[in-house]
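Report on the structure given below.
The values are calculated or read from the model by the stated rules, or taken from the named source; none is laboratory data. What you see is a predicted model, and the numbers here were worked out from it, not measured in a lab. A quick note on method: Cβ atoms are made from the backbone with ideal geometry, for glycine too, and the neighbour counts reach across all protein chains shown. Surface areas here come from the heavy atoms of the whole protein model, side chains and all, with no ligands, DNA or RNA. Shrake-Rupley method; radii C 1.70, N 1.55, O 1.52, S 1.80 Å.
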Amino acid sequence: MTLRIVRLGTPRHPKEGTRIGTVRRPPRGVKKDRYAADDWYDVWYPELSPSQALVTQALKAQTEAEWSAFVRAFKKEMKEPAAARTLDLLSALSQEADFSLGCYCENEARCHRSVLRELLAERGAKLG
């Protein structure tokens with residue numbers, strides 16, 4: 001059983017399981033009934049996306065210092081009780097279920113999903 005971190009809108013891995021969209025907004029120009037069929041996500045869960053202010057900060061980050069500031073701020077948001085409990089839950093579920101979390105960003109290294117990967121690994125999630 002494995003938790004995968006993926007780019008939404010890309011073809012699914014055969015054993016990926018349920019795909020969870022950890023994005024602030026649904027995909028633009030895509031009808032709701034096509035989200036799963038077109039490999040965006042099965043479940044939308046914006047609670048694990050950065051706040052709108054942090055999304056803006058991440059998109060503007062040009063230097064490593066600016067990106068590091070975003071990462072620190074996003075980690076702070078993920079320490080809030082509801083987010084922390086969700087990360088704990090997903091980590092526990094990864095031991096017995098196949099599912100994935102994702103975002104639209106092309107480069108995972110400059111995407112909040114890289115931070116989610118790190119936070120889940122710290123909690124002992126079984127990552128693929």
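Odds and ends about this structure:
- Surface accessible to a 1.4 Å probe, per residue, for the residues of the chain, Å²: 57 Å²
- Only Lys, Arg, Asp and Glu carry charge here, each on its Cβ (+1 for the first two, -1 for the last two); on that basis the chain has a dipole of about 240 debye about its Cα centre.
- Net charge of Cβ neighbours under 13 Å - reference VAL30; Lys, Arg +1; Asp, Glu -1: +2
- Most to least packed among 13-22, 61-70, 37-46 [average Cβ atoms within 10 Å]: 13-22, 37-46, 61-70
- Within the accessible surface of the chain, defined with a 1.4 Å probe on protein heavy atoms only, the carbon and sulfur portion equals 54 percent.
- Cβ-based net charge around ASP39, under 12 Å, with every Lys or Arg adding one and every Asp or Glu removing one: +1
- For the chain: rounded, prolate or oblate by the Cα gyration tensor [a/c cutoff 1.5]: oblate
- Neighbours of LEU8, meaning other residues whose beta-carbon lies under 13 angstrom from its beta-carbon, give a summed charge of +3 when Lys and Arg score +1 and Asp and Glu score -1.
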